[in-house]
Every structure is written in structure tokens, then in C-alpha cells.
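Here, each number is a calculation from the coordinates, and none is a lab measurement. Nothing here was measured: the structure is a model prediction, and the numbers come from that model. No Cβ is skipped: glycine too gets one built from the backbone with ideal geometry, and neighbour counts run over all protein chains shown.
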Amino acid sequence: SIPNIRNTFLIFSWVLNHPCLCSRIFSFLDVVTLCRCAQVSRSWNVLALDGSNWQRIDLFDFQRDIEGRVVENISKRCGGFLRKLSLRGCLGVGDSALRTFSQNCRNIELLSLNGCTKITDSTCNSLSKFCPKLKHLDLASCTSITNLSLKALSEGCPLLEQLNISWCDQVTKDGIQALVRCCPGLKGLFLKGCTQLEDEALKHIGAHCPELVTLNLQTCSQITDEGLITICRGCHHLQSLCVSGCANITDAILHALGLNCPRLRLVLPLLLNCHELEKMDLEECVQITDGTLIQLSIHCPHLQVLSLSHCELITDDGIRHLGSGPCAHDRLEVIELDNCPLITDASLEHLKTCHSLDRIELYDCQQITRAGIKRLRTHLPNIKVHAYFAPVTPPPSVGGSRQRFCRCCILL
């Protein structure tokens, strides 16, 4: 109705002319919208261009138009307010602009320079000198970056948590050593395409990065099991490890991961290179999901023994893929599924075509039933099924001798 429209308009007008409320609204707007608002009136111009509204800026959509002077102007306007800036793909931005930026925006925490190919070690020197709060830095494809950059960052940015130097192929073990010794809080390290890195670099990471969660070593072709095992032993918080294209690794690394990295979520790239894998122990890798079983079923046709004990996210769907994979019919001999609470009798149906299956562990799989096990044994009469069922409350004793075996534990 007209009165409602009028009331809404009056409220809207009051809000937009109230500086505090208007400033609060502007704080949720993106860069483009803020610039448009700045053209409405003088008061809006002041509010929209206030540095407090420019704490997070992503200029990727304008990458072709962004030049050094734009970055310099933004840094002067935002000053200490700016926390996050993405210049991903801004080819026109170089060291000079980023020196001005570093001097003006000393509270920056996240900076993406991905694909800014004019960037050199000079930029990292500036960041080291003026930006001690930096936590996330993306230098991927900045191919002029060398060990000097990592040494500079280690000296001035001790709070660094995530660093991406993918395709910075001048970096060697010396740069990695300098970095990790002074940045113990590193949680993410992306080294994709750093082809000069060897096992020695991984040993430094394993020794000094106990908080590491994500490590990408794709196409680091010189690394071997020796270096990766050091990572496993020193980085127990590791959740994601990518070693695609690392042809020198073997299934020994899978054993080391299962033994040392209980939080591991992603092992898929490892499986691509381990076609001869026969045994895999993922016990208590509680973040492992059906995705791993899918990749095992595709890439590991020789798999004989698989332990998924306490992998609580595994479901019937993952077992279905495993049961239909090339290893299932003639290779798979042992599968341990104890303490997998999402597993049901459906999983046993998926495994009934595994003719070589000799033993299955089902302790504390609460959705598995005796009937399901009985059906499995009709197809695999020689299988050893280890399971536990809660005891049924016995009827009151009428008399006679007591049975001398435990009613709780059953070996089927």
C-alpha cells in the first residue's frame, strides 16, 4: 500500500543519512559498490572512501587495468586499516608500488601476488622491513623470486602461516632452511613446481614445522621416500599432502603416513603412483573418507591387506567402490573395518564377490548384524569374521550348571 511504501522510504532515507548506520552498511560492500556510492554525494564520498571500509580488497576482476600507481593510491587511502589485499594476475604491478604499499599498510595480514611476474626479491625485502604481521603470502608464478626472498621473510615476518611459492623454480634447500627456522608456525606450504628441491629441503621442513597442515610438492621430481618419511615423522598435524608427479616415491611413504599422520585427510595423489601397492594401514586416520577408497579401487589393483580401523567417516558407498574394483575379486585378502560406525550390512553385500577374502574385522561396527554376516558366509564359507555383539540379557536361571564361555565375544 502507499502508506507502507511511504514509511519504508522514510526509514530508508533516515538510515542512509545517518552517518554511523551508513558507515556500518558500507562496511559490507565490495570495492566496485563503494566506488559507486562515493559518487552519490559529498557525505557518501567521505564515508565510502573511509579507510575502515577498505580492510579487504580483491582486484582480480580489474587485473588488466591495475598499475603501480593504483596500488600506491589504495595504500595511502587505506593505511593501517588494510588487512587483506589480492593483486592476483595484476601484471602491471612491480616492486616500486609494493614498496610504497608496504610502508603504508603495515598491518597487512594476507597478500596475494599470484602471477605478478614483475615482482622480485626487492618486494619481499620491503614486506620483511615493514609488514611484521603478515600471515598469508602468495607468490605463485613470481619466477624472479629466489632464496633471498625466503631469507628476508624469515627475518621480518615471523608470524607467517601460509606461503605459496609454486613455480618459483629458483628456490633451493637453502631458502627453505632459512624460512622454516624462523617461521615455526607455518601451516601451509605450497612448493608445486619447485624442481630444485631435494630431500634435504624436506628434512628441514620436518624438523622445524610441527604445525604443518598442508604441503604441496607436485612435480618436485627429485624428492624420494627418505625426505617424505622425515615429513611424516615431524609433521603429525598433516592433513593434506600432494606428491603428484613425484616418480621416485614408493608405497613405503603410505606406511609412514598411516603410522605418523592420524589427521591425514587427503592421500589421493599418492595412490596415482603406487600401482603395485599390496598393503595399506590407515588405522585411526580419522579424517579419511570414501574418496580414498574410490581412488584405491581405481589405482591399486594389487591391494591385498587394507586396515581402516577407526576411520569413522567411511560409509557403505566407499566399500561399494572397493568391492567393485580390480583388487576385489582375486587380490583382497584382509580388510579391517572395526570401529567404523557408519558401516552396515550393505558393505558385507558389496564384499561378497571378493573371492580371496580370508579375514574381516568388524568389532564395534554397531550397524552390522548377525544376519548380514550369515549372508556373507553363504558366499564366502571359509572367511574368518571377527565381530562383537552386545550380550542379550540372559533369562533368570532356573537351575542346572552354568555355561563356561563368554556370551559377549563371538568368533564367527
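Would you mind ranking D169, D138, D330 by Cβ crowding within 10 Å, fewest neighbours first?
On the way: D169 16, D138 22, D330 12.
Going from least to most buried by this count: D330, D169, D138.
Within region 108-149, name every residue whose backbone N is under 20 Å away from a label modeled 7 Å from Cα of H237 along the Cβ vector. Of the residues in region 108-149, 109-111, 133-138 have backbone N under 20 Å from the label point off H237.
Counting only the Cα atoms, region 38-179 fills a convex hull of 88 Å³ per residue. By the count of neighbouring beta-carbon atoms within 10 Å, fewest first, R263, R370, R331 end up ordered R370, R263, R331. Just how far, in whole angstrom, is region 89-122 from region 338-353 if you go by their alpha carbon centroids? Result: 54 Å between the Cα centres. With semi-axes defined as the square roots of five times the eigenvalues of the C-alpha gyration tensor, the equivalent ellipsoid of region 275-390 measures 19, 17, 12 Å, largest first. Amide H contacts under 5 Å for C142: G115, restricted to partners 5 or more places along the chain or on a different chain, H placed in the peptide plane at 1.01 Å from N.
For region 291-302, 3J(HN,Hα) computed residue by residue from phi via the Karplus equation (6.51, -1.76, 1.60; θ = phi - 60°) reads x, 5, 5, 4, 5, 4, 5, 7, 9, 10, x, 9 Hz, glycine and proline entered as x.
Taking 0.36 nm per residue of separation and subtracting the Cα-Cα distance, full extension of the segment from V286 to V46 would add 81.2 nm. For region 229-240, backbone phi angles converted through the Karplus equation (6.51, -1.76, 1.60; θ = phi - 60°) give residue-by-residue couplings of 5, 4, 4, 4, 6, x, 10, 6, 8, 4, 10, 9 Hz, Gly and Pro being listed as x. Among L47, L159, a tally of other beta-carbon atoms within 10 Å of each Cβ gives an order, fewest to most, of L159, L47.
Applying the Karplus relation 6.51 cos²θ - 1.76 cosθ + 1.60 with θ = phi - 60° to region 81-98 yields 3J(HN,Hα) values of 6, 5, 10, 9, 9, 10, 10, 3, x, 7, 5, x, 8, x, 4, 4, 5, 6 Hz, where x marks Gly and Pro.
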